[in-house]
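> Dropping a structure here in structure tokens format, bear with me for questions.
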Amino acid sequence: MLFRSPFVAPPVFTWTGFYVGLNAGGQFGTSNARLVVPAIVNGVANNINATATTIAVGAGNGSIDPTGFTGGLTVGYNWQMNSLVFGVEGDINYSGLSGNRTGLGTAGGFQGTATDRIRTNWFGTVRARLGFAADRALFYVTGGAAFTDAQFSRSLDWTFNDLCPASPIAGAGVRCHVGSVRFNTGWTVGGGIEYAFTNNWTAKAEYLYSDFGSRSFRTINVGIANQGLDHSASLRTHTIRAGVNYKF
């Protein structure tokens, strides 16, 4: 008599469970810089003339288009109900997003130069995910909070004012207005596709749009009392990345 082993169906794949992984990709974005001349500084009329005002506004309005590499660690949890997958995910990443801009303003035969920089060291998110599972393929949208340490910095140099300290940058003239501001929190939305090659290993491709809003700061001319300028900068980024996850 022949005995046959009972047939055992392979386990049905599920997206439910904790996972950790790595991601890497690129970032690009836009930082719009603006400058206005306040009427009152330290409770008195702004000590700035019409020529300097025209130069400052012309030099201080523009945009930076930073780019850079990003990569880091991902952790999350999924819960599958029929074809719907609900999840929460967080990531912390290195970010090399950076860019520079030089703006020139002229009036009355004089000129001024605004030198702007934006730099980022890290980028992270905490997001909800909602997906549709087609067996081992998962199509999802995601959104939540974004975090960064991006810093926008500016120096405005007059070529006609010798009351300001010499700039340490060769050929940069004098440096009268210097200031910076940091971006800390914002929001992010995006989507992607993830595929499970085995019951434990998955790979994904993802896009995130992040908006860190606008930040403002005031600079006072270090050589002329009560001469102030108001500056603002915004930051919006796009992240395109791939990742691999291990599901427990």
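> Check whether at least one residue in region 15-26 is at pLDDT 95 or above and either farther than 30 Å from R136 by Cβ or not in a strand (DSSP E or B) (or both), and report yes or no.
Checking region 15-26: at least one residue is at pLDDT 95 or above and either farther than 30 Å from R136 by Cβ or not in a strand (DSSP E or B) (or both).
> Any idea how many residues of region 58-102 are under 30 Å from R34 (Cβ atoms) and open to solvent by less than 50 Å² (accessible area, probe 1.4 Å)?
Of the residues in that region, 15 qualify.
> While we're on this one: Please indicate, with yes or no, whether at least one residue in region 74-89 is at pLDDT 95 or above, closer than 27 Å to R182 by Cα and touching a Ser or Thr at 6+ places or on another chain (Cβ under 9 Å).
Checked against the condition, which is being at pLDDT 95 or above, closer than 27 Å to R182 by Cα and touching a Ser or Thr at 6+ places or on another chain (Cβ under 9 Å), region 74-89 yields at least one hit.
> May I pose another question? Kindly indicate whether any position in region 209-232 is open to solvent by 40 Å² or more (accessible area, probe 1.4 Å), assigned to a strand (DSSP E or B), modelled with pLDDT of 95 or more and farther than 29 Å from G58 by Cβ.
Yes, there is a match, as at least one residue in region 209-232 is open to solvent by 40 Å² or more (accessible area, probe 1.4 Å), assigned to a strand (DSSP E or B), modelled with pLDDT of 95 or more and farther than 29 Å from G58 by Cβ.
Okay, residues lined up against (1) under 26 Å from Y209 (Cα atoms); (2) touching a Pro at 6+ places or on another chain (Cβ under 9 Å); (3) not in a strand (DSSP E or B):
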site: R34; (1), (2), (3): yes, no, no
site: P38; (1), (2), (3): no, no, yes
site: A52; (1), (2), (3): no, no, yes
site: S63; (1), (2), (3): yes, no, no
site: T70; (1), (2), (3): yes, no, no
site: G87; (1), (2), (3): yes, no, no
site: L104; (1), (2), (3): no, no, no
site: T113; (1), (2), (3): no, no, no
site: D116; (1), (2), (3): yes, no, no
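> A further question follows. In the set R154, R182, which member is surrounded by fewer than 16 Cβ atoms within 10 Å (Cβ to Cβ), basic (K, R), at pLDDT 75 or above and in contact with a strand residue (DSSP E or B) (Cβ under 8 Å, 6 or more places away or on another chain)?
R182
The values are calculated or read from the model by the stated rules, or taken from the named source; none is laboratory data. These numbers come from a predicted model, not from an experiment. When we count neighbours, we look across all protein chains shown, and the Cβ atoms used for this are built from the backbone with ideal geometry, even at glycine. The area values use the complete protein model at the heavy-atom level, side chains included, leaving out ligands, DNA and RNA. Shrake-Rupley method; radii C 1.70, N 1.55, O 1.52, S 1.80 Å.
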